Amino acid sequence: MMAAPAVLRTDQPARGDDLSTPALRANLGILADWEAELARILLSEGQGHLFENWPPPLNADADKHRFFKQVQKLDASYPGGLRAYISNARKLLQESRDGVNPFDGWTPSVPSGEVLTYGNTAFSRYEAEGVRQANDAAFVLVAGGLGERLGYSGIKVALPSNIVTDASFLQTYVESILALQDASNAVAEDRDDGCQCLPGVCPPQWTSFFPARTVPSGPRRIPFAIMTSDDTHARTQKLLEEHAYFGMDKDQITLIKQEKVACLADNSASLALDPDDKFRILTKPHGHGDVHSLLYSSGLLKDWQAKGVKWILFFQDTNGLIFKAVPSSLGVSATRSYDVNSLAVPRKAKEAIGGITRLTHKDGRKIVINVEYNQLDPMLRSSGYPDGDVNDPSTGFSPYPGNINQLVIKLESYVKELSKTRGLVPEFVNPKYKDSSRTSFKSPTRLESLMQDYPKSLSPSADIGFTVLDVWLGYAPVKNNPEDAAAKLAAGTPPHSATSGEAALYRANCLILRAAGAKVADPRTVRYNDQETEMWPRVVWSPKWALTLADVKAKVRGASVEIAQDAVLILDGPEIYLEAMKLDGALVIRSKEGAKVRVAGLDVRNKGWTFQSIGWQDRREPEELRVRGYKLVKREQKEIEFDKPGEFVVSH
Ligand code: UTP
């Protein structure tokens, strides 16, 4: 419905009003200037229907002010305001109605990037470089999503990543950043040893001779930002407060809250009112693409730039493996000087995961971007590849690696780009039409944006690449409820459930121990919540024990460490060295900073800890256990703790 022709009310002071809708005109007297101004914007954008059923003044006046408060928020939280939102919506809705293919004019080709082989020399070099670069990194967690598919009533970051240590995803993330901070500060200290050339103090020829670091920097604190939403903000804040920020300084963590965007009722981008509240515009999440505009508008980017940050790592709420992939991918970004580095995993042709693809436009523009699998295959077929997406015979995988939506972005070019776009990434709209005429929607829709679409607007000179890592090392998201996960598994696709996410953590740790030479038994096949999975010995270490393969190798003396199939091992301390150990049961070793613990000749056999099956629908059990389908039963364990500095040998 469009606004009636504009008529200026004569008893109002001239302020450019064009407030012609009768119900609104009648209420003008109660509006503050800023409210009238917003009304004018809405009317000029054809939104007069919003006021149609307003009662005369002295009726529901508080609700009318409440309406404008919401409009003010919607206006302020979108780059360019509501006008820009409505205008973008009209354009995208028109294109959607006309069936415009967003990839028209673009031709796909194989992108170039780094494919890592776990444990080889190049991989180790990248890991070491990544730890060094972490000194100049900031981390951004996007955690505003509702997690409807998971069916867990809490926030996803509060969910334990495993029930052996019970560490939540958020705890794991914070502790990993702190461990990286310590490790990178230690490397920076080593690097700073010797001559420090100070500009203006040392002769210029010295400064050019020792260019590495001209000003002693002191230990750095890695900044950490978390994007929340109304659905997650208060509970994320509470989780942090209740756990004393998991050991991080409070001012090191910044929460930035995304706002929802207005829903659209029709192809003209008429804003939709809540059917139960005529003074409220319906809103829905805009998607994780908001992270870019929020980093820009919050001033965080400028602040980080001033602090010397060079890299930003973006990651998601429930990938317990991500920090195993961080050092190497950060190392790749720095070595190759990528403006954008998308983390990816090997992907079978046609597998239901977006493929990283190079697109070349007929006007010469080039981007490397995620293309959804259902778009990639037809796009290739219509571009001279009659078989579409097929596996490369030499690798057995598609040449278009699978996007896992974790990005490393170079701050310098990011800031330049965002100062042009204000962080607004290209959006899309996905209305569900009532019929083939594509004229009306089944329910209101909204514009959406994706974090990974940031490169879409970058100039062709931008260096955009990817880093492919093994799935087992870096990707195990927890997204699906048990029923959907079981169905996915039956259909041959990854379940991405709490069960598979936890099993993946044990598998990764065991494979890393094996890569360090330890003798780790094969996994057992188990079935929880109708999902068959491989359960490896349940080995968990705190991030301060090891971040990289080099750390693990330095702390585990290869084949003299043996771990049996049902063993549980928890290592929580920075300096625990496994020199000779046989474990068939449960063993927990904790040590504080300064305690150097050598495990030499320890043979542990006890009844251990087991997982006992529970039903997904068994309401007597806590939800965080039901989503995985088992609970922990502690039968017997050996626990060793060192809370004082010193050197200790454990042999019995
Ligand atoms: P998901 O694809 O997992 O979506 O988001 P979701 O909304 O969290 O979960 P479902 O679809 O309702 O089940 C990927 C990442 O993006 C974040 C999520 O928190 C997750 O880390 N996200 C998603 C946001 O931060 N904001 C959003 O608006 C949407």
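Taking the square roots of 5 times each eigenvalue of the Cα gyration tensor of the stretch 341-383, largest first, gives ellipsoid semi-axes of 19, 15, 6 Å. The stretch 332-407 and the stretch 596-652 have their alpha-carbon centroids 42 Å apart. For residue 257, nonlocal amide neighbours, meaning residues 5 or more places apart or on other chains whose placed amide H falls under 5 Å from its own, are 228.
Using a 1.4 angstrom probe on heavy atoms only, work out the carbon and sulfur share of the accessible area of the stretch 314-401 in %.
Details: 1710 of 3280 Å².
Its accessible area is 52 percent carbon and sulfur atoms.
Residues whose amide H lies under 5 Å from that of residue 638, counting only those 5 or more places away or on a different chain, are 586, 587, 588; hydrogens are built 1.01 Å from N in the peptide plane. Placing +1 on each Lys and Arg Cβ and -1 on each Asp and Glu Cβ, with no other charges, gives the stretch 80-127 a dipole about its Cα centre of roughly 300 debye. Note that the stretch 647-652 has calculated 3J(HN,Hα) couplings of 10, 10, 10, 10, 10, 8 Hz, one per residue in order, obtained from phi through the Karplus relation 6.51 cos²θ - 1.76 cosθ + 1.60 (θ = phi - 60°); glycine and proline are x. Mean projected area of the convex hull spanned by the Cα atoms of the stretch 504-558, taken over all viewing directions: 3.9 nm².
Farthest towards the positive end of the charge dipole of the chain, among the residues 610, 256, 384, is the Cα of 384, using unit charges on the Cβ of Lys, Arg, Asp and Glu. A simple charge model with +1 on the Cβ of Lys and Arg, -1 on the Cβ of Asp and Glu and nothing else charged puts the dipole of the chain at about 380 debye relative to its Cα centre.
For the stretch 272-342, the alpha carbon positions stretch 56, 31, 17 Å along the principal axes, listed from largest to smallest.
At a 1.4 Å probe radius, carbon and sulfur cover how many percent of the accessible area of the stretch 501-594?
Details: 1400 of 3280 Å².
Roughly 43 percent, rounded to a whole number.
The stretch 502-537 to the stretch 103-150: how many Å between their Cα centroids? Using only Cα atoms to place each centre, the spacing works out to 24 Å.
May I ask you to give the average projected area over all directions of the convex hull of the Cα atoms of the chain, in nm² rounded to one decimal?
Averaging across all directions leaves 35.8 nm² for the Cα convex hull.
Can you tell me, using C-alpha contacts under 8 Å and at least 6 residues apart, the relative contact order of the stretch 70-168 as a whole percent? Don't skip to the end; give the middle numbers.
Numbers: 25 pairs, mean separation 7.9, N = 99.
Contact order relative to length: 8 percent.
Over the stretch 366-439, the fraction of Cα-Cα pairs per 5 Å bin, rounded to whole percents and listed from the shortest bin up, is 3, 10, 12, 17, 14, 14, 15, 10, 4, 1. The residues neighbouring residue 621, those whose beta-carbon lies less than 12 Å from its own, together hold a net charge of +2 under the Lys/Arg +1, Asp/Glu -1 convention. Per residue, the accessible area of the stretch 24-82 comes to 41 Å², computed with a 1.4 Å probe over protein heavy atoms only. Database remark: amide H of residue 388 closer than 5 angstrom to the amide H of 381 (H placed geometrically; neighbours at sequence offset of 5 or more, or on other chains; Pro and chain starts carry no H).
Applying the Karplus relation 6.51 cos²θ - 1.76 cosθ + 1.60 with θ = phi - 60° to the stretch 584-596 yields 3J(HN,Hα) values of 9, x, 10, 9, 10, 10, 10, 8, 8, 3, x, 9, 9 Hz, where x marks Gly and Pro.
Computed on the chain, with alpha-carbon pairs under 8 angstrom and 6+ residues apart, the relative contact order is 14 percent. Rounded, prolate or oblate, given the Cα gyration tensor of the stretch 377-494, with a/c below 1.5 counting as rounded? Rounded. In terms of packing, defined here as the mean over residues of other Cβ atoms within 10 angstrom, the peptides 60-71, 636-647, 560-571 line up highest first as 560-571, 60-71, 636-647. Between the residues 505, 518, 466, the greatest Cα displacement towards the positive end of the dipole of the stretch 447-580, with unit charges on the Cβ of Lys, Arg, Asp and Glu, is found for 518.
Could you please tell me the mean projected area of the C-alpha convex hull for the stretch 52-118, averaged over all directions and given in square nanometres to one decimal? Intermediate values should be presented prior to the final figure.
Details: hull surface 41.3 nm².
With every direction weighted equally, the projected area is 10.3 nm².
Sequence-distant contacts, meaning Cα pairs under 8 Å at least 6 residues apart, place the relative contact order of the stretch 257-362 at 14 percent.
With unit charges on the beta carbon (Lys/Arg positive, Asp/Glu negative), name the residue among 154, 55, 100 whose Cα is farthest towards the positive pole of the charge dipole of the stretch 16-161. Towards the positive end, the residue furthest out is 154.
Listed highest first by mean packing, meaning other Cβ atoms within 10 Å per residue, what order do 238-247, 447-456 come in? Working shown, then result.
Numbers: 238-247: 14.3, 447-456: 20.9.
My ranking of the peptides, most packed first, is 447-456, 238-247.
Restricting to the chain, compute how many DSSP beta bridges are antiparallel as a %, nearest 5.
Details: 45 of 101 bridges.
In the chain, DSSP labels about 45 percent of beta bridges as antiparallel.
Note that the stretch 534-544 has calculated 3J(HN,Hα) couplings of 8, 9, 7, x, 8, 9, 9, 10, 6, x, 6 Hz, one per residue in order, obtained from phi through the Karplus relation 6.51 cos²θ - 1.76 cosθ + 1.60 (θ = phi - 60°); glycine and proline are x. For the peptides 626-632, 304-310, 135-141, the ranking by packing is 135-141, 626-632, 304-310, with the highest mean count of neighbouring Cβ atoms within 10 Å listed first.
The values are calculated or read from the model by the stated rules, or taken from the named source; none is laboratory data. None of the values given here were measured: they were computed from a predicted structure. For neighbour counting, all protein chains shown are included, and Cβ atoms are generated from backbone atoms with ideal geometry for every residue, glycine included. Only protein heavy atoms, including side chains, enter the accessible area calculation; ligands, DNA and RNA are left aside. Shrake-Rupley method; radii C 1.70, N 1.55, O 1.52, S 1.80 Å.
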